[in-house]
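Just below is one structure, and these are the notes that go with it.
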Amino acid sequence: MILVSACLLGHKVKYSGGSNPHALLMKYNERGQFMAVCPECLGQLPIPRPPVEIQQADGAAVLAGNARVQSADGKDVTSCFLHGAQEVLQTAVAYGIRTAILKENSPSCGVHAVYDGSFSHNRLSGQGVCAALLAQHGIRLYSEKDMTEELLEKLLEEDKDSRQ
């Protein structure tokens, strides 16, 4: 199995109540090798909810206790993000998952970048809270922006081979 951010598979779990459907991932979802996850839902955040950003840091800083996750209306939701990330990690471990494809720029799932906490669409390099936790446990991360048909075929083949 490959973990995939649920929003990329059309699940309406985005903070706004929408999704971020990714055509290539949705096409390959029919193969039954994806496990849809949403760390923010697993962290018991509602849908819809105010937008959230990590404050002037990335997910690794949050995991280390050096940064907070805050909503646009000022609510500290760090504990929800930590809980959701732990739930996703437990799922990955239980299923022997070694690869994840996650939503770029998300405060949970960002692989290469996250928003900087100013709610002005400025990004900084780094990972979201869940992505950082998965990476710390050796799970390979890709964002939807990394996906090509060739790469996805390779990842699916590796996944299939690892289960035989």
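Throughout, read-outs are computed from the coordinates displayed, never taken from laboratory work. Quick caveat: nothing in here was measured; it's all calculated off a predicted structure. Cβ atoms come from the backbone with ideal geometry, glycine included; neighbour counts cover every protein chain shown.
In percent, how large is the relative contact order of region 70-140, given Cα pairs closer than 8 Å and 6 or more residues apart?
Computed value for region 70-140: 29 percent relative contact order.
May I ask for the distance between the Cα centers of region 58-92 and region 96-159, given as a whole number of Å?
First find each Cα centre; the distance between them is then 15 Å.
Relative contact order of region 11-130: what whole-number percent is it, with Cα pairs under 8 angstrom and at least 6 residues apart?
Answer for region 11-130 is 26 percent.
Can you tell me which of 15-21, 86-92 comes out highest on packing, and rank the rest after it, using the mean Cβ neighbours within 10 Å?
Sorting 15-21, 86-92 by mean packing, highest first, produces 86-92, 15-21.
What nm value, rounded to one decimal, do you get for the distance between residue 123 and residue 162 when each label is placed 7 Å out toward the C-beta?
Between residue 123 and residue 162, the simple spin-label model gives 2.5 nm.
Which Cys in the chain stand alone, with every other cysteine's Cβ at 4.7 Å or more from theirs?
So far as the 4.7 Å Cβ criterion goes, 7, 80, 109, 130 stand without a partner in the chain.
On a straight-distance basis, which lysines could pair with residue 160 in a cross-link, Cα separation under 26 angstrom, same-chain partners fewer than 8 positions away excluded?
27, 103, 145
For the chain, what is the mean residue ellipticity at 222 nm derived from helices alone (per DSSP H run of n ≥ 4: -39500 (n - 2.57); sum divided by total residues; nearest 500 deg cm²/dmol)?
Calculated mean residue ellipticity at 222 nm is -9500 deg cm²/dmol.
Provide the net charge surrounding residue 114, with neighbours chosen by a C-beta distance below 10 Å and charges set as Lys +1, Arg +1, Asp -1, Glu -1.
Local net charge: -3.
Rounded to the nearest 5, what % of DSSP beta bridges with both residues in the chain are antiparallel?
Just about 40 percent of them are antiparallel.
Excluding residues fewer than 8 places away in the same chain, name every one of the aspartates and glutamates whose C-alpha is closer than 15 Å to that of residue 12.
40
Between 0 and 90 degrees, rounded to the nearest ten: what's the tilt of helix 149-162 against the longest Cα principal axis of the chain?
Between helix and principal axis, roughly 70 degrees.
What number do you get for region 17-98 when its Cα radius of gyration is normalised by 2.2 N^0.38 Å, N = residues?
My calculation over the Cα atoms of region 17-98 gives 1.25.
Which of the chymotrypsin sites (Phe, Trp or Tyr not before Pro) found in region 41-132 are loop residues per DSSP with 14 or fewer other Cβ atoms within 10 Å of their Cβ?
Sites meeting the loop and neighbour criteria: 119.
Take each of the peptides 121-131, 28-38, average the number of other beta-carbon atoms within 10 Å over its residues, and list them starting from the highest.
Highest to lowest by the protection proxy: 121-131, 28-38.
Calculate, in whole percent, how much of the Cα-Cα pair population of the chain lies beyond 23 Å.
32 percent
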